[in-house]
């Protein structure tokens, strides 16, 4: 049985004072029935880990190398050393803004897994690709090239985030979400076998809010959400977590 997961991505938002939102979550969910992961900016990871309680803390990216002359980068081992248990990889904002390829994502995933971090690997199509009916082809290609052969249900989570829905307020239809999640599940089972393929959790991300979360969580093969803006405020994120808990 896959345990549900609510993951929050603060992106380039948050100062130390904003960890009060984490404090509120930690006090509310001392023994949560679903897994909760919060990924603040790297500057807050260590302090967040020190006060997160039952909530897991992750990074938003890592380098594929353990160390070296990579100014401004952070390694998976550094995140682990700071207390993190997971890292988001391949987010569309990284793929687009930093021209990261799926092969880059795979290399980072290998480094993250070697450091003992769970990877949340993001996949998603653009609006143009969706309108050209290329969604499954794009998702299949990203999935195949981004996920390493060492993937298991413990070290891998897949997040489907259609690029055109991130922060726009636009949300795919429930049928569209279900089609992609069912496709990802089938591809994972074909590649890794039923045991691993059925154990990997699949998250939906892209304008997930308290008022649409319950409907999304009722869709086939949706095991939770990767939440952006709504994870910045404990009240909004709590409403999504509670909706996920009700669907479990």
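The values are calculated or read from the model by the stated rules, or taken from the named source; none is laboratory data. Predicted, not measured: the structure shown is a model, and the values here were computed from it. FYI the Cβ positions are ideal-geometry reconstructions off the backbone, even for glycines, and counts take in every protein chain you see.
Summary table below
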read-out: Residue match in segment 129-146 (condition: assigned to a strand (DSSP E or B) and crowded, with 23+ Cβ neighbours inside 10 Å); value: no
read-out: One residue from 211, 175, 149 being at negative phi and either assigned to a helix (DSSP H, G or I) or in contact with a strand residue (DSSP E or B) (Cβ under 8 Å, 6 or more places away or on another chain) (or both); value: 175
read-out: Restricting segment 112-128 to residues that are at pLDDT below 95 and touching a helix residue (DSSP H, G or I) at 6+ places or on another chain (Cβ under 6 Å), the residue that is surrounded by the fewest Cβ atoms within 10 Å (Cβ to Cβ); value: 127
read-out: Which numbered condition residue 216 fails, given (1) surrounded by fewer than 19 Cβ atoms within 10 Å (Cβ to Cβ); (2) assigned to a helix (DSSP H, G or I); value: (1)
read-out: Lone unmet requirement of (1) touching a helix residue (DSSP H, G or I) at 6+ places or on another chain (Cβ under 6 Å); (2) assigned to a loop (DSSP other than H, G, I, E, B); (3) surrounded by 21 or more Cβ atoms within 10 Å (Cβ to Cβ) for residue 188; value: (2)
read-out: Where residue 44 falls short, out of the listed (1) more than 17 Å from the chain's Cα centre (by Cα); (2) in a loop (DSSP other than H, G, I, E, B); value: (2)
read-out: Some residue of segment 74-86 being within 26 Å of residue 191 (Cβ to Cβ) and surrounded by fewer than 22 Cβ atoms within 10 Å (Cβ to Cβ); value: yes
read-out: Tabulated pairs, segment 78-102, first at positive phi and touching a residue at least 24 places away in the same chain (Cβ under 8 Å), second outside any strand (DSSP E or B) and surrounded by fewer than 16 Cβ atoms within 10 Å (Cβ to Cβ), C-beta under 8 angstrom, 6+ apart or interchain; value: 83/46; 83/50
read-out: Output for segment 29-57, where each listed residue is in contact (Cβ under 8 Å) with a residue 40 or more places away in the chain and surrounded by fewer than 16 Cβ atoms within 10 Å (Cβ to Cβ); value: 33
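Quick grid of which residues meet (1) out of contact with any helix residue (DSSP H, G or I) (no Cβ under 9 Å at 6 or more places or on another chain); (2) closer than 21 Å to residue 246 by Cβ:
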position: 6; (1), (2): no, yes
position: 11; (1), (2): no, no
position: 34; (1), (2): no, yes
position: 38; (1), (2): no, yes
position: 57; (1), (2): no, no
position: 72; (1), (2): yes, no
position: 76; (1), (2): no, no
position: 81; (1), (2): no, no
position: 91; (1), (2): yes, no
